[in-house]
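Asks: Got a structure here, written out as structure tokens. Questions coming.
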Amino acid sequence: MKRNSWLLITCLVIVSLLVVAPALAQDKVKVTIFVGLGTGTDPDQITKQEELQARFNASHDSIEIEFLIVPHDEAGTRLLAMLAGDNAPQLVGPNGISTIAEYFDSWADITPFIEAEGFDTSDFYQESLELNAYPNLNTGLPLGLFPSFVLYNIDMFDAAGIDYPPTDYNDTSWNYDKLREIAMLLTLDSNANDATMEEFDAEDIVQWGFSDAWTDTRGMLARWGAPDVGRPTSADYKTASANSAEWVYGLQWFSDGMWVDHFIPTGEQQSGIEATGAAPLDSGVIAMFYTHTWYLGEALFDLPFEVGIAPAPFNQNGQRIARIHADNFTIPKNATNQQEAWEVMKWLTSEENLVDVCLIYGCIPARMSLADDFAAALNERFPDLDTNVIFEAIDYLDAPNHESWVPNWGRINDALNFAASLINTGENTDAQSVLDQANVELQKILDEYWASQSS
Amino acid sequence: MLNIRSWSLSRREAAAGYLFISPWIIGFILLTLGPMLASLYFSFNQYNIVDMPRWIGLGNYTRLFNDPLFWQSLKVTLYFAVLALPSGLILSFLLAILLNQNIPGVRLWRTLYFLPSVLTGVAVTLLWVLLFNPQMGAVNQVLELIGIKGPGWLNDPDWSIPALVIMALWGVGQNMIIYLAGLQSVPAELYDAAKVDGAGRVMQFRHVTLPMMTPVLFYNLVLGLIGTFSYFTQAYVASGAVGEVGGPLRSTLFYNLYLYQNAFDYREMGYASAMAWVLFAIVLLLTLVVFRSSSLWVYYEGELRGKG
């Protein structure tokens, strides 16, 4: 009988613990961090995020974080399902500027949190604070930046006996005319004739001088100094401005580069390069590739040639515009526990943690005070690259940014990419008529948007 | 309390029947009919998923008819249907006839021709993208061997749909098997009678095989029609792989692709729902036309025609 009593008591204690333990655990407010719209889904990134999660949870009594990693291909529909099902994650990220624009209606404004505690944002690059700030909406604290530059194949320059591009940001000789000139010399047919020679066979090109293939139309055209820079609309978003003189100049520069001077791969030639499975510069058939810092993490592995780095060239108006990408974490506007989400956002972007977070996602920390730490880490991996070129590029970023929100963002971008396709396929190589046509389509999309807002 | 014993036999049988099909009925109501009705409601709303739907009446439907991309997507789908549907039906029928002959290794041949229809989806589409690559693809390299400069295929707005049609023919084995089953069920005595009447092989095909196969043709036509208007994955993957979903130059902007873009890329769920219902109406109409026409060309052996 006595033994049975002890057994009964033991069972009761175990059952009580089982019932109470989860309740105790639930004292911590859970913040789910949705990862998958951008970077963060590679196996090694998952491991590092789990380590970050363990570190946060061990050091916080009232908040518990959990990274929800969703494969990139299904992340968009999964997030929409969660938002529609009133089951929004507390944080989403890391998001690029384009991702934020794409889901623009979904985000909470963090301005009240900043103002409520007088949060100090002075250590962040000022420009990075503006990249995701819109009228009445600040989507999140800056996490990291991805400045842009030209990477080049040193062996090709050596073989052609051409001087390397300068790394000095004050050297005004490095402009798009100069880039075109050397790119043509670096463009070769199978008989090693370059694109300046009469014997050059444009049907049989085996090496191209320049490529900016991994961007969209707004990215291609942001560098030419248009009043709206990378945005195809006026500041009030009501008037389309895709056929500005600067954008027409820029698109014609690309069109001539493909169809007249042949130093840029056409759409069909680009498709052939991509079929090799290699990234543009890594393919070994591109001499200069315009790209961002994320390329340093995604490519440049075991190359049989040396790689150099140069700043974005000056444009036809004597300006230097180096387009930029940026990441942050955002709080969905219908998420619960937004105050706790804000606390986690601050932790992720804090001076103590931001270098680690950026090493996971491959970005430059958005805090100025961390530049030296991160430069040291970069120099360790790429000892031959002049990392000053990367950091200085931040001063020349495109604002308004080429990925920034515009009304009906997806439709506008698709219409502009259609315009670039006309050039890439050779269907219409006249930039003025292509962008005039695009502008009409954009204006219609904008008018529809504003009409739907007022009805 | 329910006293089932007092029920009549037919009532008890009916109850048992309903009980057995109830899992399907419940599933249908919750997972198909419910979402269908919801999409019908959304089609009259402006709805971006995040905010509450806002009633706009017929706004989405009237906007559709003024949207040039809606007409472009319809044109692309019809162009594809006109090429892919007849070629798929004819090729699979011809293959079935060939593989219905008494030839050595016929089982191996049937397996080989059926196999591709099992291997479909994203992986095979990506394989075709490589085959069709204008610079390095095997298709153009073979054409070059016989002195033909191959087109840009998926990179060329004029050749992208023919390329997708060729990709679609990769899966004709599915229809071929159905035709084969139909061919083997044609009674041998009909051929014997035709031979007695002096019919050659062509006449036998014209007057025996073809009429007896019309129900199978009809079945494959209806399914093919619906399948053609549901075409999505291959176009999405193939055009995306060459740089622009629905491209180049919107030449592969299929109806379902544009619907998907509206729903998930532009987050205009109401507009996408209206597109879905218009598609439903189009497919229903075409299917009804095919059904109505079937009395003119489909022969059912057991069917009594006219007064005779």
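What follows is calculated from the coordinates using simple rules that are stated; it is not laboratory data. Owing to the predicted nature of the structure, the values given are computational and were not obtained by experimental measurement. With ideal geometry, Cβ positions are generated from the backbone for all residues, glycine too; neighbour counts draw on all protein chains shown.
Asks: Let me know the charge dipole size of chain A about its Cα centre in debye, to the nearest 20, where only the beta-carbon of Lys, Arg (+1) and Asp, Glu (-1) is charged.
Replies: 2160
Asks: Excluding residues fewer than 8 places away in the same chain, name every one of the aspartates and glutamates whose C-alpha is closer than 16 Å to that of B:Lys149.
Replies: The reachable aspartates and glutamates, counting only those whose Cα sits under 16 Å from B:Lys149, are A:Glu203, A:Asp204, A:Glu268, B:Asp158.
Asks: In debye to the nearest 20, how big a dipole does the protein assembly as shown give about its Cα centre with +1 on each Lys and Arg Cβ and -1 on each Asp and Glu Cβ?
Replies: So the magnitude is around 5540 debye.
Asks: If you add up the charges near A:Glu340, with Lys and Arg at +1 and Asp and Glu at -1, over every other residue whose beta carbon is less than 10 angstrom from its beta carbon, what do you get?
Replies: Counting the neighbours of A:Glu340, the net charge comes to 0.
Asks: With helices defined as uninterrupted DSSP H runs, which ones in chain B have an alpha carbon span along their own long axis of at least 24 Å and mean Kyte-Doolittle hydropathy of at least 0.5?
Replies: B:9-28, B:68-98, B:210-229, B:269-297
Asks: Same structure, new question: Could I get the Rg over Rh figure for segment A:109-211? Both from C-alpha atoms, Rh via Kirkwood, rounded to two places.
Replies: 1.27
Asks: By counting other Cβ atoms within 10 Å of each Cβ, how are A:Ser173, B:Ser73, B:Ser8 ranked from fewest to most?
Replies: B:Ser8, A:Ser173, B:Ser73
Asks: Ok, one more. Do you know the Lys pair count in chain A for C-alpha distances under 22 Å, with sequence separation 8 or more or different chains?
Replies: Eligible lysine pairs with Cα atoms under 22 Å apart amount to 8.
Asks: Just to be sure I understand the rule: take each whole DSSP H helix in chain A, project its Cα atoms onto its long axis, keep it if the span is 27 Å or more and its mean Kyte-Doolittle hydropathy is at least 0.0. Which ones pass?
Replies: A:2-25
Asks: Please report the equivalent ellipsoid semi-axes of chain B, computed as sqrt(5 x eigenvalue) of the Cα gyration tensor, largest first, in whole Å.
Replies: 38, 36, 19
Asks: Continuing with the same structure: Nearest 500 deg cm²/dmol is fine: what mean residue ellipticity at 222 nm does chain A get from its DSSP H runs of n ≥ 4 alone, each adding -39,500 (n - 2.57), divided by its residue count?
Replies: That calculation yields -13500 deg cm²/dmol at 222 nm.
Asks: Starting from the Cα of A:Asn353, step 7 Å along the direction of its Cβ; do the same at B:Ser295; then give the gap between the two resulting points in nm.
Replies: It works out to 7.3 nm between the two label points.
Asks: Using only the Cα atoms of the protein assembly as shown, build the gyration tensor, take square roots of its eigenvalues as a ≥ b ≥ c, and label the shape rounded, prolate or oblate: rounded if a/c is under 1.5, else prolate if a/b is larger than b/c, else oblate.
Replies: oblate
Asks: Using a 7 Å offset from Cα along Cα-Cβ at B:Val124, what residues in segment B:200-234 end up with backbone N under 14 Å from the label point?
Replies: Within reach of a label on B:Val124, which here means backbone N under 14 Å from a point 7 Å along Cα→Cβ, segment B:200-234 contributes B:232-234.
Asks: Please order B:Phe20, B:Phe70, A:Phe119 by the number of other Cβ within 10 Å, starting at the fewest.
Replies: Ranked by crowding around the Cβ, least crowded first: B:Phe20, A:Phe119, B:Phe70.
Asks: When Cβ neighbours within 10 Å are restricted to other protein chains, what is their mean count per residue of peptide B:48-55?
Replies: That average works out to 4.
Asks: Identify all lysines with a Cα-Cα distance to B:Lys195 below 30 Å; exclude those on the same chain that are fewer than 8 residues away in sequence.
Replies: B:Lys307
Asks: For each of B:Met275, A:Met197, count neighbouring Cβ atoms within 10 Å of the residue's Cβ, then give the residues from fewest to most.
Replies: Fewest-to-most Cβ neighbours within 10 Å comes out as A:Met197, B:Met275.
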